[in-house]
1. Here is a list: Val185, Val181. Which entry is part of a helix (DSSP H, G or I), in contact with a Ser or Thr (Cβ under 8 Å, 6 or more places away or on another chain) and of a type in the set (A, V, I, L, M)?
2. Filter the range 80-125 for residues that are within 20 Å of the chain's Cα centre (by Cα) and at positive phi and give the result.
3. Determine which member of the set Gly282, Gly258 is at positive phi and at pLDDT below 95.
4. Could you grab the pairs with beta carbons closer than 8 Å, sequence gap of 6+ or different chains, first residue in the range 74-89 and without any contact (Cβ under 8 Å) to a residue 24 or more places away in the chain, second one among the basic types (Lys, Arg) and in a loop (DSSP other than H, G, I, E, B)?
5. Only one residue in Tyr228, Tyr255 is under 20 Å from Ile163 (Cα atoms), touching a residue at least 40 places away in the same chain (Cβ under 8 Å) and either of a type outside the set (S, T, N, Q) or assigned by TED's automatic domain parsing to the domain that holds Ser117 (or both). Which one?
6. Somewhere in the range 121-139, is a residue more than 27 Å from Leu18 (Cα to Cα), in a helix (DSSP H, G or I) and of a type outside the set (S, T, N, Q)?
7. Take the conditions assigned by TED's automatic domain parsing to the domain that holds Val215, among the hydroxyl-bearing types (Ser, Thr, Tyr) and in contact (Cβ under 8 Å) with a residue 60 or more places away in the chain and apply them to Ser70. Does it pass?
Amino acid sequence: MRTIVMTGATSFLGRNVLKKLLKQGYEVYALVRPQSGTLSQLPEDSKLHLLYGSMENIVGIKDKVSEADSFLHFAWDGSGNQGRANHEIQMKNVDYSLEALALAYSLHCKKFIFSGSQAEYGNKKEKITEKMNCNPISEYGKAKLEFSLAAEKYCENKDIRFIHLRIFSVYGYGDRENTLVDACVKKFNSGELMKLGPCVQKWNYLNIKDFANIVLHFLESDISGGIYNVASEDTRVLRDFVKEIYDLSNKSGIYEFGKEADNPEGSPELDVDVQKMKNAIGYKEEINFKQGILEIMQQMNKEG
């Protein structure tokens, strides 16, 4: 049996993982909101079964699915700037996620894979490993961490592995507008000025296709439960990534590095250690930053 239950399938991360799973022949039951603006971007496939609803009524999945191999939990409200600071929204996410975990156990899933975040660590200045203490700043990061701790306790002495992916900065075509990569690509190719902060902190970018491959490896590898940093091995000063995007563009736009922007979460240093992930799944990324940016530009050119 190769059956997956999934939440958050219409998100940037979710829909790319979903497409990868379908290509690999998995049967996927995806909980989706009928009013989702990206619902139309999901592929038509006989192995994809859309379950219309929300995290508020996730237990209704049991009416459609009796058993599954694994559960991918990507749904999380309030991931935008305003929602990240909203304590009430974030605490609801914790409750809904615990219901999803209990549902996964009742469906006899062997793995529950959770999309955590580097925001759980807080603002670190040293290389980030899974063993370091977490000091999240945002309500978003605090809630992700709170769910993780509760999930680990829930899974003790149960036949289900809780796999917590602490995801860093994933980029690629189809990401939400006005991310740094999206804005730079557009402005550098259209004669506009891109105003930036100093961009002197260390940063890390992982291509969305590599991310989807990594999730597939976590599904298919016989690994222990626990926390795994998910990022690339390409860590640099952020302005180096900006300059590379500019060099790959038509250079009609310009950029300007300025003063530190007002960010309530500070300016984290994404100097991440991914050795634990590499040891667990043996994965080596396939798409470097240059290739990823060129693909975004090619896709945008096709759109006109």
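1. Details: Val181 fails: in contact with a Ser or Thr (Cβ under 8 Å, 6 or more places away or on another chain).
On inspection, the qualifying residue turns out to be Val185.
2. Gly122
3. Checking each option against the conditions leaves just Gly282.
4. none
5. Working: Tyr255 fails: under 20 Å from Ile163 (Cα atoms).
The conditions single out Tyr228.
6. To start, the set of residues in the range 121-139 that are more than 27 Å from Leu18 (Cα to Cα) comprises 121-129, 131-139.
The next check asks that each one be in a helix (DSSP H, G or I); those that pass are 139.
From what's left, of a type outside the set (S, T, N, Q): 139.
Yes, that holds for at least one residue.
7. Values: assigned by TED's automatic domain parsing to the domain that holds Val215: yes; among the hydroxyl-bearing types (Ser, Thr, Tyr): yes; in contact (Cβ under 8 Å) with a residue 60 or more places away in the chain: yes.
Against the criterion (assigned by TED's automatic domain parsing to the domain that holds Val215, among the hydroxyl-bearing types (Ser, Thr, Tyr) and in contact (Cβ under 8 Å) with a residue 60 or more places away in the chain), Ser70 qualifies.
Residue-by-condition table, conditions (1) surrounded by 14 or more Cβ atoms within 10 Å (Cβ to Cβ); (2) within 30 Å of Lys302 (Cβ to Cβ); (3) touching a residue at least 40 places away in the same chain (Cβ under 8 Å):
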| site | (1), (2), (3) |
| --- | --- |
| Glu126 | no, no, yes |
| Asn133 | no, no, no |
| Glu139 | yes, no, yes |
| Leu149 | no, no, no |
| Lys153 | no, no, no |
| Asp159 | no, no, yes |
| His164 | yes, no, yes |
| Ile167 | yes, yes, yes |
| Phe188 | yes, yes, yes |
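The values are calculated or read from the model by the stated rules, or taken from the named source; none is laboratory data. For clarity, every value in this text was computed on a predicted model and none was experimentally measured. Neighbour counts run over all protein chains shown; Cβ positions are idealised from the backbone, glycine included.
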